[in-house]
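The values are calculated or read from the model by the stated rules, or taken from the named source; none is laboratory data. Predicted model, so just to flag it, every value in this text is computed and none were measured. A quick note on method: Cβ atoms are made from the backbone with ideal geometry, for glycine too, and the neighbour counts reach across all protein chains shown. Note: accessible area is taken over every heavy atom of the protein model, side chains too, but ligands, DNA and RNA are not part of it. Shrake-Rupley method; radii C 1.70, N 1.55, O 1.52, S 1.80 Å.
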Amino acid sequence: MSAQLHTTPLHAAHRAANARMVDFGGWDMPVNYGSQIEEHHAVRTDAGMFDVSHMRVVDIKGEQVRAFLTRAIANNVAKLKVSGKALYSCLLNPQATVIDDLIVYFFAEDYFRLVVNAGTADKDIAWLQQLNSDWSTGLTITSRNDLAILAVQGPNARAKVWQVLPETQAASEALKPFNAAQIGDVMIARTGYTGEDGFEVVLPATQIENFWNQLITAGIRPCGLGARDTLRLEAGMNLYGQDMDETINPLNAGLAWTIDLVSERDFVGKEALIAQGQTQQFLGLLLLDKGGVLRGHQVVHTEHGIGEITSGTFSPSLQQSIAMARLPLGVAIGDTVHVAIRDKKLAARVVKMPFVRNGKSQL
């Protein structure tokens, strides 16, 4: 089976570590290395690392790259004034639904870098190439399949990365969140997906296994997709394909903060987005009753109509079941709603996200 799946440059290392492997969107990826719960707590209390090399680095170069991205993405790259600054944004189609969510890094006026999701990477690149052609911007859009990415997350993550890559400390020590530095052929970014501090390290694929092994020696725990999901859900962070996709208006997915509708600039999907407006809201749920776990696609009954859970799990940090849900506009934080779980309707409280940040409950 795995022969038909895509693999990252760390595939052999995962297999050697007896990881439990699963098909994740066509990639053979580790879900855990024995204990998903222990991996989760390692990130919250110390440091863990995730192979995210299935995600794609895309470099865009040319004189008109800033003008191109100003029109191509929903957030405003005018905010990127200092080299290394990063921005989270949706990539919308003309119907104002989400092609992908991505991070864009500014390095020079003729050089921006995107990191896009694995399952959408080819579609994203084809769309960007089409816009490049339609708008005659003459850019070079390069899929950097020669690079690999490790996310090292947790309160001790940065210090342990510097143990292994001491030559990067001077350039990365002063980085604020959502900034990156390039040191030779290595990029270090402070843009995590767990609600903890840490780095994403992008480096040549040929060097990733050695780096991985050195980080293990430095005391960083390998973590799989299972812990990555519980961590990001506690942190209130959307997952493409679950919380939004090409059927969802981003305003209904809690992503209004990633869209610039204030400036006069036009961007793909703006007209449709303004016309549609927001028809649902994206809020957290905390299960109050015993007898079930909140999961995606469960129906939520409220006094204002029906909603739906998009992502749900049992939170290892809170020891309670939590979820993200699209709910009717009338629902307020603090309300009690009821979730249909099998043949029961269990009570849940509507809460503001995130649930956990920097190891501490936000509830």
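Roll a 1.4 angstrom probe over the protein heavy atoms and tell me the percent of accessible area of the chain that is carbon or sulfur. That share works out to 51 percent. Packing, taken as the mean count of other beta carbons within 10 Å per residue, orders the peptides 111-119, 135-143, 148-156 from highest to lowest as 148-156, 111-119, 135-143.
Give me the Kirkwood hydrodynamic radius of the chain, using the inverse of the mean 1/r over all pairs of distinct Cα atoms, in Å to one decimal. When all Cα pairs of the chain are included, the Kirkwood radius is 21.3 Å. Since only 327, 340, 287 are under comparison, the one whose Cα sits farthest along the positive direction of the charge dipole of the range 262-363, derived from C-beta charges on Lys, Arg, Asp and Glu, is 287. Annotation: amide H-H contacts under 5 Å for residue 76 (H modelled 1.01 Å from N, sequence separation of 5 or more, or interchain): 260.
When only C-alpha pairs under 8 Å and at least 6 residues apart count, what is the relative contact order of the chain, in percent? Don't jump to the answer; show the numbers that get you there.
Details: 821 pairs, mean separation 65.2, N = 363.
Once divided by the residue count of the chain, the mean separation gives 18 percent.
With no solvent and one equal point scatterer per Cα, compute the Debye intensity ratio I(q)/I(0) for the range 272-363 at 0.12, 0.13, 0.23, 0.25 Å⁻¹ and report its log10, rounded to two decimals. So the normalised log intensities work out to -0.35, -0.41, -1.12, -1.28. Estimated purely from DSSP H runs of n ≥ 4, each contributing -39500 (n - 2.57), the mean residue ellipticity at 222 nm for the chain is -6000 deg cm²/dmol once divided by its residues.
I'd like the projected area of the range 214-332, averaged over all directions, using the convex hull of its alpha carbons. Report it in nm² with one decimal. Could you put the intermediate results ahead of the total?
Values: hull surface 43.0 nm².
Across all orientations, the range 214-332 yields a mean hull projection of 10.8 nm².
Within a straight-line Cα-Cα reach of under 17 Å, residue 344 can be paired with the following aspartates and glutamates, leaving aside sequence neighbours fewer than 8 residues apart in one chain: 289, 308. The mean accessible area for residues of the range 196-276, using a 1.4 Å probe and ignoring ligands and nucleic acids, is 39 Å² per residue.
Label-to-label distance, residue 4 versus residue 361, with points set 7 angstrom from Cα along the beta-carbon direction: 4.5 nm.
The gain in end-to-end length when the residue 242 to residue 129 segment is fully stretched comes to 38.1 nm, 0.36 nm per residue minus the alpha carbon separation.
Given a cut-off of 14 Å, what percent of all Cα-Cα pairs of the range 147-189 lie beyond it? Provide the component values of the computation, followed by the final result.
Working: 427 of 903 pairs.
I get 47 percent for the Cα pairs in the range 147-189 exceeding 14 Å.
Full extension of the chain between residue 78 and residue 210 yields a length gain of 43.7 nm, computed as 0.36 nm times the residue separation minus the alpha carbon distance.
Across every pair of different alpha-carbon atoms, what Kirkwood hydrodynamic radius in Å does the range 1-94 reach?
Working: mean 1/r = 0.0598 Å⁻¹.
It works out to 16.7 Å.
Comparing Cα centroids, the range 154-173 and the range 174-234 end up 10 angstrom apart.
Strictly over 22 Å apart at the Cα level, which of 79/176; 81/160; 79/360 would you flag in this model? Table pairs above 22 Å Cα-Cα are 81/160; 79/360.
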